[in-house]
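The next block holds one structure in the form of structure tokens; read it before the comments.
Read-outs: derived from the displayed coordinates by stated rules, not from any lab. These numbers were taken from a predicted model, which means no experiment stands behind them. Glycine also receives a Cβ, built like all others from the backbone with ideal geometry; neighbour counts cover every protein chain displayed.
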Amino acid sequence: MQGKTNPITPQGYAALKARYDHLLGKERPEIVEIVSWAAGNGDRSENGDYLYGRKRMREIDRELGHLARRMKAAKVLSPADQPDKSRVFFGASVELADEDDTRKTVTLVGDDEQDASAGRIGWSSPLARALKGASVGDLRVVKLPSGDKEWEVMAIDYA
């Protein structure tokens, strides 16, 4: 991820920041307190609170570092500010139909905020890459492990 920007919606950035603040302001101080208390109990080699606490502190520090790097590389883009709303770009909600006229709606969001079960797909996913720049009525082929699948763009929204 070095040298690359990380496009993200304002809501996605707020979620990253909230997670960072929660880890730094609440979880980490609680673990530090537990580790300090456990260290004062003597033998650390068989002290479960101490061993677990140190392990959890390393996990939190690793996640804090990851979140800090992602936020530093983030480029907050508001979908409402998109100048060309007739084509698919970052932040677009796109209604798609396949060959069987099965319809689904997906929203192109940053990779850190993707959630396929909620219809939010990452900006660098195969479907998002295939849809970039498409207009209503365009047919796009997505290369999937199970084979190619063709989707037609039915509607584009930047609400």
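For Thr107, the amide hydrogen comes within under 5 Å of the amide hydrogens of Val94, Arg120, Ile121, counting only partners 5 or more places away or on other chains and with H modelled in the peptide plane.
Stretching Ala118 away from Asp61 to a fully extended chain increases their span by 17.6 nm, per 0.36 nm per residue minus the current alpha-carbon distance. The magnitude of the dipole of the chain, with charges of +1 and -1 set on the Cβ of Lys/Arg and Asp/Glu and taken from the Cα centre, is near 700 debye. Applying 0.36 nm per residue to the separation of Ala159 and Lys75 and subtracting their alpha-carbon distance, the gain on full extension is 28.3 nm.
Looking at region 79-157, what % of the alpha carbon pairs are farther apart than 14 Å?
Details: 1793 of 3081 pairs.
The answer is 58 percent, as a whole percent.
Fully extending the segment from Ala68 to Lys132, taken as 0.36 nm per residue of separation minus the present Cα-Cα distance, adds 20.2 nm.
Considering only Leu23, Thr9, Val136, and ranking their Cα positions along the charge dipole of the chain that arises from unit charges at the beta-carbon of Lys, Arg, Asp and Glu, the one farthest toward the positive end is Leu23.
Evaluated over region 66-159, the count of Lys pairs having alpha-carbon atoms less than 21 Å apart is 9 (only pairs 8 or more residues apart or interchain).
Report the charge-dipole magnitude of region 6-76 in Debye, nearest 20, computed about the Cα centre from +1 at each Lys and Arg Cβ and -1 at each Asp and Glu Cβ.
Working: 14 positive and 10 negative charges, 117 e Å.
Charge dipole, region 6-76, about its Cα centre: 560 debye, nearest 20.
For region 1-125, what is the percent of antiparallel DSSP beta bridges, rounded to the nearest 5? List each step's numbers first, then the result.
Values: 6 of 12 bridges.
Once the DSSP bridges in region 1-125 are tallied, antiparallel ones form about 50 percent.
Electrostatic tally near Ala155: other residues with Cβ closer than 13 Å to its Cβ, Lys and Arg +1, Asp and Glu -1, net 0.
Restricting attention to region 79-157, close to 85% of DSSP beta bridges with both partner residues there are antiparallel. Could you work out [θ]222 nm for the chain from helices alone, using -39500 (n - 2.57) per DSSP H run of at least four and dividing by all its residues? Round to the nearest 500 deg cm²/dmol. Mean residue ellipticity, 222 nm, calculated: -11500 deg cm²/dmol.
Sort Trp123, Trp37 so the one with the fewest other Cβ atoms within 10 Å of its own Cβ comes first. Let's see the in-between values first.
Numbers: Trp123 21, Trp37 12.
Lowest count first: Trp37, Trp123.
About its Cα centre, how strong a charge dipole does region 79-157 have in debye, to the nearest 20, once Lys and Arg get +1 and Asp and Glu get -1 at the Cβ?
Values: 10 positive and 16 negative charges, 36 e Å.
Charge dipole of region 79-157: 180 debye, to the nearest 20.
Comparing Ala39, Ala18, Ala128 in a Gaussian network model of the chain (Cα springs below 10 Å), the most mobile by mean-square fluctuation is Ala39. When each of the peptides 28-35, 145-152 is scored by the mean number of other C-beta atoms lying within 10 Å of its residues, the order from highest to lowest reads 28-35, 145-152.
Computing Rg and the Kirkwood Rh from the Cα coordinates of the chain gives a ratio, Rg/Rh, of 1.18. Of all lysines in the structure, the ones whose alpha carbon falls short of 19 Å from that of Lys55, not counting any fewer than 8 places away in one chain, are Lys26.
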